[in-house]
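Comments concern the structure below.
The values are calculated or read from the model by the stated rules, or taken from the named source; none is laboratory data. This is a predicted model, so every value here is computed, not measured. Neighbour counts run over all protein chains shown; Cβ positions are idealised from the backbone, glycine included.
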Amino acid sequence: MPRFHLLLIVLWVLVGCSAPRAPVSSELTVAAAADLTPAFQEIGALFTERTGIPVVFNFGSSGQLAQQIERGAPFDLFYAANKNFIEDLAAKGYVDPSSMRVYAQGRITIWTRADQSLHPQQLHDLVDPAYRRIAIANPEHAPYGQAAREALVRVGIWDQIESRLVFGENVAQTLMLADTGNVEVAIVALSLSVQSSGSWVLIPAELHPENPLIQMVAIVADSRQYERSRQFMGFVDSPAGREIMQKYGFVLPGEIRESAR
């Protein structure tokens with residue numbers, strides 16, 4: 001090989017090796033189920049205050065967030081509202097299996113605005129035609145919608161009210177539909193109900209045993225923030241994090257009944 005060509009190759013390799021790489025973002029990007037919105041906003045602020053690590057949250061339905069991860073969304077952590085999404089992503093290689101852990105169990109409620117005259121006390125009350133529109137999260141991709149659908153089927157009223165159902169894209173949007181008066185009642189997460197100004201009634205967990213809302217977290221396989229991700233997971237599980245999670249009605253590991261795992 002002519003020396004001139006060899007020199008060009010050597011120079012090209014050296015330039016390639018020394019070229020500056022795109023810096024790793026200092027932010028930790030967390031994809032989180034919509035039911036975590038108020039709790040994680042509080043936890044995220046406290047985590048940043050104590051560690052100096054900024055956290056950016058992307059809240060949404062677990063199914064849609066899982067699809068985004070499969071399409072290469074630059075998330076570091078995924079907190080799902082149903083462990084099935086994490087387990088499926090792990091099987092496909094999109095999350096680190098060694099990082100998977102259950103972090104909470106969610107509950108569902110019947111929610112209405114405090115200033116309206118109708119306040120159902122049980123699911124059977126929704127058969128009343130006065131409830132012209134009833135909102136649940138879309139059961140096609142939202143775990144809280146799946147739990148709501150199962151509960152309505154189990155009490156035997158799904159067929160009677162199906163034509164009056166309105167689907168929110170996630171459980172937070174579902175609450176907004178009721179809070180803005182677009183529907184008379186909604187089935188939403190306890191974690192959103194307790195911080196709202198509305199009236200709510202807890203739905204027995206026995207009514208949705210096939211969708212017990214066991215919630216799981218894992219680190220995304222392509223994350224470049226592995227240690228910080230571990231640090232955030234540890235903070236959620238710390239006394240400070242657990243106190244906040246309990247404040248919003250989450251059932252924590254150790255308190256989850258074995259039958260629901």
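Taking the conditions exactly as written (among the hydrophobic types (A, V, I, L, M, F, W, C) and more than 23 Å from E169 (Cα to Cα)), does A90 satisfy them or not? Step through it out loud before you land on a result.
Details: among the hydrophobic types (A, V, I, L, M, F, W, C): yes; more than 23 Å from E169 (Cα to Cα): yes.
Yes: the conditions hold for A90.
In region 200-215, what residues are surrounded by 15 or more Cβ atoms within 10 Å (Cβ to Cβ), within 15 Å of V155 (Cβ to Cβ) and of a type in the set (A, V, I, L, M, F, W, C)?
Quick first cut of region 200-215, residues surrounded by 15 or more Cβ atoms within 10 Å (Cβ to Cβ) only: 200-201, 203, 205, 207-208, 211-215.
Add one more test, that the residue is within 15 Å of V155 (Cβ to Cβ), and what stays is 201, 203, 205, 207-208, 211.
Within region 200-215, V201, I203, A205, L207 meet the criteria.
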Practice problem: For region 128-164, name all the residues that are surrounded by fewer than 16 Cβ atoms within 10 Å (Cβ to Cβ) and within 19 Å of the chain's Cα centre (by Cα). | Solution: E140
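For (1) touching a residue at least 60 places away in the same chain (Cβ under 8 Å); (2) closer than 30 Å to D125 by Cα; (3) within 18 Å of the chain's Cα centre (by Cα), each residue gets a yes or a no:
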site	(1), (2), (3)
V201	yes, yes, no
E206	no, yes, no
N211	yes, yes, yes
A218	yes, no, yes
Q231	yes, no, no
F235	yes, no, yes
S238	no, no, no
E243	no, no, no
K247	yes, yes, yes
Quiz item: Only one of (1) surrounded by fewer than 17 Cβ atoms within 10 Å (Cβ to Cβ); (2) hydroxyl-bearing (S, T, Y); (3) within 21 Å of Q146 (Cα to Cα) fails for T109. Which number is that?
Solution: (1)
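Only one residue in V102, V30 is at pLDDT 95 or above, surrounded by 22 or more Cβ atoms within 10 Å (Cβ to Cβ) and not in a helix (DSSP H, G or I), so which one is that? Break it down into steps so the answer makes sense when it comes.
Details: V102 fails: surrounded by 22 or more Cβ atoms within 10 Å (Cβ to Cβ).
Exactly one residue qualifies, and that residue is V30.
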Exercise. Scan region 131-157 and report the pairs whose first residue is under 15 Å from L213 (Cβ atoms) and whose second residue is surrounded by 17 or more Cβ atoms within 10 Å (Cβ to Cβ) and among the charged types (D, E, K, R), with Cβ atoms within less than 6 Å and a gap of 6+ or a chain change.
Key: P139/R149
Exercise. Could you list, in sequence order, all residues of region 60-80 that are assigned to a helix (DSSP H, G or I) and either hydrophobic (A, V, I, L, M, F, W, C) or more than 19 Å from E140 (Cα to Cα) (or both)?
Key: L65, A66, I69
Quiz prompt | Conditions (1) buried (at least 19 other Cβ atoms within 10 Å of the Cβ); (2) over 30 Å from S223 (Cβ atoms): number failed by V171 | solution = (2)
Quiz prompt | Some residue of region 226-233 being buried (at least 22 other Cβ atoms within 10 Å of the Cβ), at pLDDT 95 or above, among the aromatic types (F, W, Y) and under 30 Å from K92 (Cα atoms) | solution = yes
Practice problem: Pick out the one residue from S199, S223 that is within 18 Å of A32 (Cα to Cα) and either of a type in the set (V, I, T) or at pLDDT 95 or above (or both). | Solution: S223
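Assess whether S191 counts as being assigned to a helix (DSSP H, G or I), hydroxyl-bearing (S, T, Y) and assigned by TED's automatic domain parsing to the domain that holds D115.
On the way: assigned to a helix (DSSP H, G or I): yes; hydroxyl-bearing (S, T, Y): yes; assigned by TED's automatic domain parsing to the domain that holds D115: yes.
So S191 passes the test.
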Practice problem: Just give me the residues in region 42-84 being surrounded by 14 or more Cβ atoms within 10 Å (Cβ to Cβ), aliphatic (A, V, I, L, M) and closer than 18 Å to E227 by Cβ, in sequence order. | Solution: I53, V55, L77
Practice problem: Could you check, for region 200-212, whether at least one of its residues is part of a helix (DSSP H, G or I) and of a type in the set (A, V, I, L, M)? | Solution: yes
Quiz item: Does any residue in region 34-47 that is in a helix (DSSP H, G or I) come within less than 9 Å, Cβ to Cβ, of a residue that is charged (D, E, K, R) and surrounded by fewer than 24 Cβ atoms within 10 Å (Cβ to Cβ) six or more places away or on a different chain, and which pairs are these?
Solution: A34/E169; A39/K247; E42/K247
Quiz item: Just to be sure, is Y79 modelled with pLDDT of 95 or more, in contact with a strand residue (DSSP E or B) (Cβ under 8 Å, 6 or more places away or on another chain) and in the same structural domain as E227 (by TED's automatic domain parsing)?
Solution: yes
